[in-house]
Amino acid sequence: MTGFLLRRIGLAVFVILAVTVLVAYSVRLSGDPTAMLLTGSGNITQADIDRIRAALGVDRPFVAQYLDFLGGVLHGDLGLTFFGKTSVNALIAQALPATLLLAFLSLGLSLLISIPLGIHAAVHRGSWSDQTVRLLSLVGLSFPNFWLAMMFVLIFAITLHWLPTSGFFGASSLVMPAATLGLILCAINVRLVRGAMLETLSTQYILVARSKGLAERLVLYKHALRNCLIPILTYVGLQFGDLIGGVVIVEKVFNWPGMGSLAFDAISARDYPVIQGVVLVLATLIVLVNLAVDIAYGLVDPRVRLR
Amino acid sequence: MALALGGALLAPGLAQAAGTLTVALASDAESWDPIDTFILDWGRVGSNIYDGLIQRTPDLKLQPGLALSWEMLDDNTRIRFKLRPNVTFHDGEPFNADAVKYSFDRLLGEEGGKGPQQANYTAIKSVEVIDDMTVDFHLGSPDPVLLTKLAGYGAMIVPPKYVEEHGEEYFNAHPCGTGPFKFVEYTPKVSLTLEANPDYWDGAPKVDKLVYRFIAEAATQVAELQSGGIDIATLVPISLLDTIKADSNLTVESITGPNAVALRFNTKDGITKDPKVRKALIEAVDREAIIEQILQGNGKPIASFQSSLSFGNDPDLKPIPYDPDAAQAALTEAGVAPGSKVELDFVGSDATFREVAQTVAAFLQGIGLDPQLKSYETNVLFKDVIPNGKTGDLFQMTWGGWTFDYDNTAYLLYHSGQYWNPYDKDQTLDDMLEKQRNTYDQDARQTILRQIADYVADQAIEMPLYNLNTIYAMNKRVHDLPPTPDIRFRFNGVTLD
């Protein structure tokens, strides 16, 4: 088990390093922060650009810049932003909780809806309610999350004035972003639950449980659900990465002060320290979640450990 | 489910205290130090916190700010400013000649060198304190636009003691000036809050609080405006204008702004090397139709690469009229084969301009050419393709600048060796451009600037498309905000219902 853990952790560190090198390098290929000067206007000459590049330290070779960043990371310091000279640590400390709150809330919401709905659809396979669930999930899968977000805003913020349109003004601000992300996830998860449940229901032990004369509710929720929960939870763990990615667009629409907005603004401004910091933190987070899933697998299923 | 949740959590933070004005800005400047500013949105905030020696009114006239008067001395190599007495910074320290000297030494020294603003003020060699309320600016080179620039972003006066005591990083996030509003709170990427400065020398503001929220999505700004979350939206795309106009609580301002949009030609290679061909391409494009259809009237035709409000604009210079038949004839005469390829480079992220580019391509197809649209990322086009002369036959440029002086455009775009001029070397043009820079006689400058515009139009160096309007939208409860073409709102006169 220890060898397995060490291998996994070593691999995780390698993945995180590789991701930061790749991002730090490619963002520099796409231009540097002095471009912000050029898209504005004024008396900018090549000499000014050179002077500002030197002041920001982006005129040095890539390796020197990256090692600087890495050195900071080892001391727990992600550096200062290019434009405001604010600490990147502080920006991330502000944005990460906002994003995690949104991510967990929408994940929870999706499970709360998709598990009972998926089970119902599987049990009543082929019935009108199963057809409806499948149709709704198809609809949910096919429309883009920003469209759903705009519709929510139109209805609940502009027309009904029930909820704040954007920003973070307490619990009410969470409703629309979490519902947008949660409902779309729900469309995926309901299919997953239905599929897993159908498979479980056709197994021998369910047949045995039923022939023992157990109540149907007990068969479904005690025997069947427990067994099909393993693939579902594994998948949800993997989904977390997608969710963090999907959060960017929804954060943009709802002006949510999270990691997505932070990364988006930093990319358009070519604020390298912020981009590197955000990517490092998110990559670590996703790798950790996957590592946890891997380890959980190993605990549950000894065959994984042997391989 | 969403409905049930929505009903359950009825506590939106929408209600506004009386006298709070909320403004949405597309971007967070991150540093509120005048010499660091990279973006125009800074001006909408900074103009309310700081004052310059000179101010510019909404109708673009220069008037006394922290200086009561100024005069040019010693054959225009020295400017003497008489300062406004009894002004204090928000932290209580007095405004005086030392503060002016400190601000400009800082701007022109090492600290200023790290930012983009220094470049605008390099004509100033040194600042000398004569007495507590008098300063002299010694000029190292002539700059006839300097007085206008002194009303600009980088020249705002900062409090010496405050900056020295707290340091640069603190000052970035806790700005302090002499302006009508005082700093209260800044949450990066979220909002910046100011409160009225009751002791402002030009009269206390009429609103108590001024809140800026940073909202990068245009659709979100408009949704916030509709739901009452903000009072002023500064990012209003043309596609959403009808939605705003349909709302009886809201109003749209569309006024002549600084930005001109043009397609410049590759004057060195290809068919556009020939001025006759360039003129034919201009004739082939119905620019009025583009303004009416795509911009929905939110722009003006232009004959040179400047706003109609720009100093140097010649109202008598008329755009080349739309005439596809003449264009086709001219092409044939110039020996351009039908079906010749013309490449048009533009920035792909601008949805409005994408439509404009497609329309231009359709017009060029109309005279038998084979236009190829090539879209670039902003950075790539402006940092590599244009300065290194790797463009196609036509390339997009948008130019403006808050100075509203044609010099700012013409010198940088047409003088040999400039960053933005990869193709031309024209002695006649260089001479005219230098001549207007070396005189403070504004009438003479205007004459030369008009000659330059004439000459450029005659050479057809670019295809001037339009002067884009500055568009913003407001809740009707906002009153007394004069239309400001340079988009630097000052909110000290604003009242709210």
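Pairs linking a residue in the range A:151-163 that is within 18 Å of B:I230 (Cβ to Cβ) to a residue that is part of a loop (DSSP other than H, G, I, E, B) and not aliphatic (A, V, I, L, M), with Cβ atoms under 6 Å and 6 or more positions apart or on different chains, are A:V153/A:T165; A:F156/A:W162; A:A157/A:T165; A:L163/B:P12.
I'm checking my understanding of the structure. Among residues of the range B:303-342 that are within 17 Å of B:A460 (Cβ to Cβ) and in contact with a Phe, Trp or Tyr (Cβ under 8 Å, 6 or more places away or on another chain), which one is surrounded by the most Cβ atoms within 10 Å (Cβ to Cβ)?
Within the range B:303-342, the match that is surrounded by the most Cβ atoms within 10 Å (Cβ to Cβ) is B:Q306.
Out of the residues in the range B:106-148 that are touching a residue at least 40 places away in the same chain (Cβ under 8 Å) and of a type in the set (S, T, N, Q), which is surrounded by the fewest Cβ atoms within 10 Å (Cβ to Cβ)? Applying the filter and picking the extreme gives B:T134.
Out of the residues in the range B:241-270 that are surrounded by 21 or more Cβ atoms within 10 Å (Cβ to Cβ) and not in a strand (DSSP E or B), state the one that is farthest from the other protein chains (Cβ to nearest Cβ). Restricting to residues being surrounded by 21 or more Cβ atoms within 10 Å (Cβ to Cβ) and not in a strand (DSSP E or B), the top hit is B:T267. Among residues that are among the β-branched types (V, I, T) and more than 11 Å from chain B (Cβ to nearest Cβ), A:V88 is not included. B:K206 meets all of the listed conditions (1) outside any helix (DSSP H, G or I); (2) touching a residue at least 12 places away in the same chain (Cβ under 8 Å); (3) farther than 29 Å from B:V252 by Cα but one, namely (3). Evaluation of B:W420 against the conditions (1) assigned to a helix (DSSP H, G or I); (2) closer than 30 Å to B:S375 by Cβ; (3) within 12 Å of chain A (Cβ to nearest Cβ) shows that the sole unmet condition is (1). Restricting the range A:164-181 to residues that are among the hydroxyl-bearing types (S, T, Y) and at the interface with another protein chain (Cβ under 7 Å from one of its Cβ atoms), the residue that is surrounded by the fewest Cβ atoms within 10 Å (Cβ to Cβ) is A:S172.
For the residues B:I230, B:I290, the requirement of being hydrophobic (A, V, I, L, M, F, W, C) and more than 30 Å from A:F168 (Cα to Cα) singles out B:I290. Quick check: is even one residue across the range B:113-120 among the hydrophobic types (A, V, I, L, M, F, W, C) and modelled with pLDDT of 95 or more? No - not one qualifying residue is present in the range B:113-120. The set of residues from the range B:383-393 being surrounded by 22 or more Cβ atoms within 10 Å (Cβ to Cβ) and of a type outside the set (S, T, Y) comprises B:I386, B:D393.
Could you grab me the full set of residues in the range B:73-104 that are among the aliphatic types (A, V, I, L, M) and farther than 27 Å from B:Y170 by Cβ? Within the range B:73-104, B:L73, B:I79 qualify.
Screening B:L331 on (1) closer than 27 Å to B:T243 by Cβ; (2) in a helix (DSSP H, G or I) shows it passes everything except condition (1). The set of residues in the range A:174-202 being in contact (Cβ under 8 Å) with a residue 24 or more places away in the chain and among the hydroxyl-bearing types (S, T, Y) consists of A:T180, A:T200.
Would you check if A:D50 is modelled with pLDDT of 90 or more and surrounded by fewer than 16 Cβ atoms within 10 Å (Cβ to Cβ)?
So A:D50 fails the test.
Checked across the range B:437-444, the condition of being under 27 Å from B:K318 (Cα atoms) and crowded, with 20+ Cβ neighbours inside 10 Å holds for no residue.
Go through the range B:205-225 and give me each residue that's in contact with a strand residue (DSSP E or B) (Cβ under 7 Å, 6 or more places away or on another chain) and within 13 Å of chain A (Cβ to nearest Cβ). Of everything in the range B:205-225, those that are in contact with a strand residue (DSSP E or B) (Cβ under 7 Å, 6 or more places away or on another chain) and within 13 Å of chain A (Cβ to nearest Cβ) turn out to be B:V211, B:Y212, B:R213, B:F214, B:I215, B:Q221, B:V222, B:E224, B:L225. Among the residues that make up the range B:392-400, is at least one of them among the hydroxyl-bearing types (S, T, Y) and over 21 Å from the mean Cα position of the chain (by Cα)? No; the residues of the range B:392-400 include none that is among the hydroxyl-bearing types (S, T, Y) and over 21 Å from the mean Cα position of the chain (by Cα). Can you find a residue in the range A:99-108 that is within 11 Å of chain B (Cβ to nearest Cβ), farther than 19 Å from A:I16 by Cβ, touching a residue at least 12 places away in the same chain (Cβ under 8 Å) and surrounded by 20 or more Cβ atoms within 10 Å (Cβ to Cβ)? Among the residues of the range A:99-108, not one is within 11 Å of chain B (Cβ to nearest Cβ), farther than 19 Å from A:I16 by Cβ, touching a residue at least 12 places away in the same chain (Cβ under 8 Å) and surrounded by 20 or more Cβ atoms within 10 Å (Cβ to Cβ), which makes the answer no. Looking across the range B:211-233, the residues that are charged (D, E, K, R) and either in a helix (DSSP H, G or I) or in contact (Cβ under 8 Å) with a residue 24 or more places away in the chain (or both) come down to B:R213, B:E224, B:D231. Every listed requirement among (1) over 19 Å from the mean Cα position of the chain (by Cα); (2) modelled with pLDDT under 95 is met by B:T359 save one, (2). The C-beta contact set for the range B:149-168 (first residue at pLDDT 95 or above, second residue outside any loop (DSSP other than H, G, I, E, B) and of a type outside the set (A, V, I, L, M, F, W, C), distance under 6 angstrom, 6+ apart or interchain) comprises B:M156/B:P34; B:I157/B:S103; B:V158/B:S103; B:P160/B:Y102. Within the range B:436-480, the set of residues being more than 22 Å from the chain's Cα centre (by Cα) and in a strand (DSSP E or B) comprises B:N475, B:V478, B:H479. Only one entry of A:I286, A:I267, A:I275, A:I295 meets the criterion of being of a type in the set (A, V, I, L, M) and modelled with pLDDT of 90 or more, and that entry is A:I275. Checking each residue in the range B:481-497 for being under 26 Å from B:G297 (Cβ atoms) and either aromatic (F, W, Y) or not in a loop (DSSP other than H, G, I, E, B) (or both) picks out only B:F489.
Residue by residue, here is whether (1) within 14 Å of chain B (Cβ to nearest Cβ); (2) surrounded by fewer than 16 Cβ atoms within 10 Å (Cβ to Cβ); (3) under 21 Å from the mean Cα position of the chain (by Cα) holds:
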site	(1), (2), (3)
A:K212	no, yes, no
A:R217	no, yes, no
A:Y221	no, yes, no
A:P257	yes, no, yes
A:Y272	yes, no, no
A:A292	no, yes, yes
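Please verify whether B:A262 is free of Cβ contacts under 8 Å to residues at least 24 places away in the same chain, more than 28 Å from A:W147 (Cβ to Cβ) and of a type in the set (G, A, S), treating the condition exactly as stated. Spelling it out, it is not the case that B:A262 is free of Cβ contacts under 8 Å to residues at least 24 places away in the same chain, more than 28 Å from A:W147 (Cβ to Cβ) and of a type in the set (G, A, S).
Yes/no per residue for (1) out of contact with any helix residue (DSSP H, G or I) (no Cβ under 6 Å at 6 or more places or on another chain); (2) modelled with pLDDT under 80:
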| site | (1), (2) |
| --- | --- |
| A:V13 | yes, no |
| A:V19 | no, no |
| A:S26 | yes, no |
| A:G40 | yes, yes |
| A:T45 | yes, yes |
| A:A54 | yes, no |
| A:D59 | no, no |
| A:G72 | yes, no |
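Go through (1) buried (at least 16 other Cβ atoms within 10 Å of the Cβ); (2) part of a loop (DSSP other than H, G, I, E, B); (3) more than 11 Å from every other protein chain (Cβ to nearest Cβ); (4) touching a Phe, Trp or Tyr at 6+ places or on another chain (Cβ under 8 Å) one by one and return the number of the condition B:Q396 breaks. Failed condition: (2).
The values are calculated or read from the model by the stated rules, or taken from the named source; none is laboratory data. Treat the numbers as computed from the prediction; the structure is a model and nothing was measured. Every residue, glycine among them, receives a Cβ derived from its backbone with ideal geometry; neighbour counts consider all protein chains shown.
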